[in-house]
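These notes are about the structure you will find just below.
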């Protein structure tokens, strides 16, 4: 039933497919097996499906009925997922990891971490994964973790905030960033049951600023996740919870395999790494093109988004259902007894279109949950179980689906699709190289998955640890490290990582750690001169000037100047737009040009009011008399903003801006004199993004090419 | 022979002790055993040594001869290690990790990472470990890695630099720091065969600034270490290399043990964590006191240092030799066959003073290499092997030795002593709690070691991963995380981590990540006012003024001012002492007060000359005519130093200083006018250390207490 499928998806995050068994009785649960029996006959008779001695009448019709049921349910689930995303929370589509990365870099994507996103992500992800689409639950789980963390820290949109008293503690940017990092690492931990991997993922891929305290905080949150997970697995041990908890804390256990590799195995393993890097880079490249086309389609409106998602769903259902007919049936090994072919939800040997006592190896891979498929393909001692043609078809199908599924308007993760693709690639390599390599085919699948992941996502340490925690085989560590580093190096030679590509496509102003080399040849003064002149305010300013400044610009900060006595000028500081709006809304006006006292301001504004970022200037109605009055900015001004001298290079300014996590940086003049304004300009994140600078200074772009 | 002991120590890093067997034949190598046989008789007869039916005449004399041989060899080895340290490289004593931590924070300890330190550290560490002292090889290996990295990056003292052409690439601070981080992580990796643990150790404990590129660089270096290690282990498989390579890539394998723990085990495990935290904090506290006393002794000169080391050596030998006589003999289990009692270098059952067919369990622990002792105490399924009184004596002996050994003038590491102490503590807890807990005693030993490490060193993620890589049991992960976090939290309630205590004792100006709360109440202007006035130079300055400034102060940087036209002042930049000295040494003087051209300076100074930091001002001989001439500082000045306004709080300045890794920070005035100097002062690292600020502003200290 659909209900059961949903349940399953919640717990397993894989595409579960029940086929109506042709001419068969009640499905039984297969006995639980952790590992394959190692010895299987190498040569088997293969039967074509048409040779099957079927007792049932008119199987063709039943196949059609099966397809309609299969495709129909998938279609319905995709419709729910896409509908939710399109109508309620467009930002819940995709993995959410690039946006989290950008948030931790200082870029706040609107409507990203609120309650609607959380709910849509949870329901949408369950539906999308259940509908058999080629996507994982990992990215969405990371996003769910971040949403929960943000709601705890009172972030999100104004309407959906939690306003608990004790949560006030987290109400500052730094703690909120920390909490969201913890949420992201908890998501990875929950997805892979990999606590250390989660911490390292947050460190290597997500976070921009890192300190030692954050390390043990993320570690604490993943430890909690593992303890809770372990508790649930304990409770569910007797199978009360469907498929949840299978595999225990280690998803794909290959720990019992004695790993033996020698110097002679280095060559095939290097090949796996190099090819993995090339394939990963190719995947990034093609996915980039596909996403650009999808962006054009998605811009056409909600209907187009929905249609795209449903079209991909139909394609997926068709491919998953039709391709297994292309491969011959394999007879069951008598050693497996009742386990082959499998009849229940889970299990390793799907009969599909085969006669009794046979199984279809491609259906076994395609018509299983993603986790089961990975477990099958990682399983060791099973060199003869999958045919080369089945694996090639599997790889091709998942390449196509992986490329076309990612950009549609449903919550989707990249991890499992790439793992599946990579493991198929690894097994294919193992079959091709089987003469030269003595490593087990299942281990080749693990290495292939690692290589493709690294080739596309360019992570190293976190991937090694995630794979270690997935497979429980410490002796694989050196060889996995080797493959990952090769794949990353090869991939880096072609293009940036997939997340950087997505960040770039989304136009998020991400500040890279390292400034571009040509930034040394430009000073911040030149950069400021290319911008519209900064609007500076006086410490005691006319209300009309303030309103005009707010209406004419969209700046978030304004420099405040003062001239305490003739001949002496002062850069008093920086005032935020939100504080100006708060002052105007409170009508904190003075009839004469005078300085107010500290206590007057403290009486007037609570810290909560100043922290409130909502409200625009257009809603304010200020009478002409009030326009002629004065407002004292002195209590609202940050008197110690970070400043740089105009002759500083942009490269140095970028390092400062990113290291200290700034929003505004004031530029001071090199020379100081009575006629010289104490401020040259103001720089924001947008001004320091390489792409934007090159727009204003095209000659630097040509310089970049000659470098 | 001593030669064999040295070899062994190189490879195993443990205190190897051969006792002359009383009345016995040729020592045999015991068969290699990875795990204990699980079933042992619980109740055994215990024999007192005096009851032993000895055939040999006058055993007392032989015991004395054995002790003299044992103590004499230890004495000699300690003498070599201490002599080398005292005479050639005093900085090679101790672990070296605090100094590496300080270096990566921006504090360059002189003579720390040179060739003499490297050589002394290698030889000294081998001798010290072989001499049975209670110290590990881990810290020294980290230091050795850092020394090698520094030599590759052309650092170190001027005389001992490598001056290869292709190494020029690394000749800047940032790359040198990166290389040293890689060296440190490789050291941990080599010590524990833990590649991911090494990376995380460098990240959590050692590094101050971290970026994504550094992550995969350290990862690459540890991967190389593992590949090389694996190669050596492969080559040494047939036992050609002594004890090297035993245990393979996993030192203390407990991976085959099925770990079962339930909610009921949480209480004993919590007790292990809490007590571990308390004991770790207590260890830190007492070690702090001991180190202060040792500092007083060591200050008295070389002879005092040497005497202290030799006294500790004598104490160690006596304790190790005498204490095993206090426990009764245990009869061998017949199931072990020829493996009990052990006769060779290595092995689990030392006969010591016992009759044939019996072993002394305390001697088994004390008279083995550190690694073997840890392996014994971690071994699973051996609940009856060690007696409670033996474990208590072992724990007490190692507490005493651990406290008194660390500060002596030999290369020493803290890891293994704390692991040994902690594992004994864990086993003792297991014996005491055996009624309530169903977890294996060996696993308790692992948890105890983890708890004590975390209680003393306050690391979390890196320790978890190191323990994971040491024990190869992924299922232990959640419970280890739990214990570590408890122990760290408990320990943090009492005192800072052991490395912070050592940093503080050494007086290294380490900049903490988080500024103290009271720093918000002080502005940098106030701080600068409390210092002697900064010496500012003009862009074109008289030689005599420059020489005077250099002689009168020990500042490393001087602000340079200019007054391009009347009424306009300019903070031209910052000039370094070394560049001033270079200009004086080159006698780049101008007869008149004029600006030089860019090319004149470029012709004059090569970048190598400017980078050279050697040479003082006192060696310069400048004639009176030259004193009256001028020097143009304009080409030597960094015109874009980082600046802050005088009203900025010290807290904010500290964050900036540390985030951007500064050496000097210029303070600019709030007001700008013709009579106001464009510079208020200059801040250096020393000015921003909490301790130093409190010296100048004692009222803040009292404020701190009331907070």
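The values are calculated or read from the model by the stated rules, or taken from the named source; none is laboratory data. Small disclaimer: the values here were computed from a predicted structure and weren't measured. No Cβ is skipped: glycine too gets one built from the backbone with ideal geometry, and neighbour counts run over all protein chains shown.
Within the range A:637-652, can you find the residues that are assigned to a helix (DSSP H, G or I) and crowded, with 22+ Cβ neighbours inside 10 Å?
Within the range A:637-652, just A:650 meets the criteria.
Would you mind listing the helices (runs of 4 or more DSSP H) fully within the range A:464-572 where at least 2 residues are closer than 30 Å to residue B:470 by Cβ, within 14 Å of chain B (Cβ to nearest Cβ) and without any contact (Cβ under 8 Å) to a residue 60 or more places away in the chain?
Per the criteria, A:477-492.
Failed condition for residue B:532, given (1) in contact with a helix residue (DSSP H, G or I) (Cβ under 6 Å, 6 or more places away or on another chain); (2) at pLDDT below 85, with all others met?
Single failed check for residue B:532: (1).
On the given criteria, is residue B:344 part of a helix (DSSP H, G or I) and at pLDDT below 90?
No, not satisfied.
So residue A:192 ticks every box in (1) away from chain B (no Cβ under 11 Å); (2) within 19 Å of residue A:151 (Cβ to Cβ) but one. Which box is left unticked?
Answer for residue A:192: the failing condition is (2).
Select from the range A:657-689 the residues that are in a helix (DSSP H, G or I), surrounded by fewer than 22 Cβ atoms within 10 Å (Cβ to Cβ) and within 11 Å of chain B (Cβ to nearest Cβ) and list them in ascending order.
A:659
Can you tell me which residue is farthest from the chain's Cα centre (by Cα) among those in the range B:94-120 that are buried (at least 24 other Cβ atoms within 10 Å of the Cβ) and farther than 22 Å from residue B:199 by Cβ?
The residue in question is B:120.
Assess whether residue A:456 counts as being in a helix (DSSP H, G or I), closer than 30 Å to residue A:692 by Cα and more than 14 Å from every other protein chain (Cβ to nearest Cβ).
Yes, satisfied.
Residue A:309 versus (1) at pLDDT below 85; (2) under 22 Å from the mean Cα position of the chain (by Cα): which is the lone unmet condition?
Condition (1) is where residue A:309 drops out.
Can you name every residue in the range A:645-656 that is more than 7 Å from every other protein chain (Cβ to nearest Cβ) and out of contact with any strand residue (DSSP E or B) (no Cβ under 9 Å at 6 or more places or on another chain)?
Result: A:651, A:654.
Consider residue A:639 against the criteria (1) more than 10 Å from every other protein chain (Cβ to nearest Cβ); (2) over 37 Å from the mean Cα position of the chain (by Cα): it satisfies all of them except one. Which criterion is unmet?
The failed condition is (1).
Looking at (1) surrounded by fewer than 21 Cβ atoms within 10 Å (Cβ to Cβ); (2) over 28 Å from residue B:108 (Cα atoms); (3) touching a helix residue (DSSP H, G or I) at 6+ places or on another chain (Cβ under 8 Å), find the lone condition where residue B:565 falls short.
(3)
Do you know which residues across the range A:232-243 are more than 20 Å from residue A:466 (Cβ to Cβ), touching a residue at least 12 places away in the same chain (Cβ under 8 Å) and in a helix (DSSP H, G or I)?
A:232
Please enumerate the residues belonging to the range A:204-231 that are buried (at least 24 other Cβ atoms within 10 Å of the Cβ) and either in contact (Cβ under 8 Å) with a residue 60 or more places away in the chain or within 14 Å of the chain's Cα centre (by Cα) (or both).
Hits for the range A:204-231 are A:206, A:207.
Just checking, which of A:424, A:396, A:445 is part of a helix (DSSP H, G or I), under 19 Å from residue A:363 (Cβ atoms), free of Cβ contacts under 8 Å to residues at least 24 places away in the same chain and away from chain B (no Cβ under 14 Å)?
Among A:424, A:396, A:445, only A:396 is part of a helix (DSSP H, G or I), under 19 Å from residue A:363 (Cβ atoms), free of Cβ contacts under 8 Å to residues at least 24 places away in the same chain and away from chain B (no Cβ under 14 Å).
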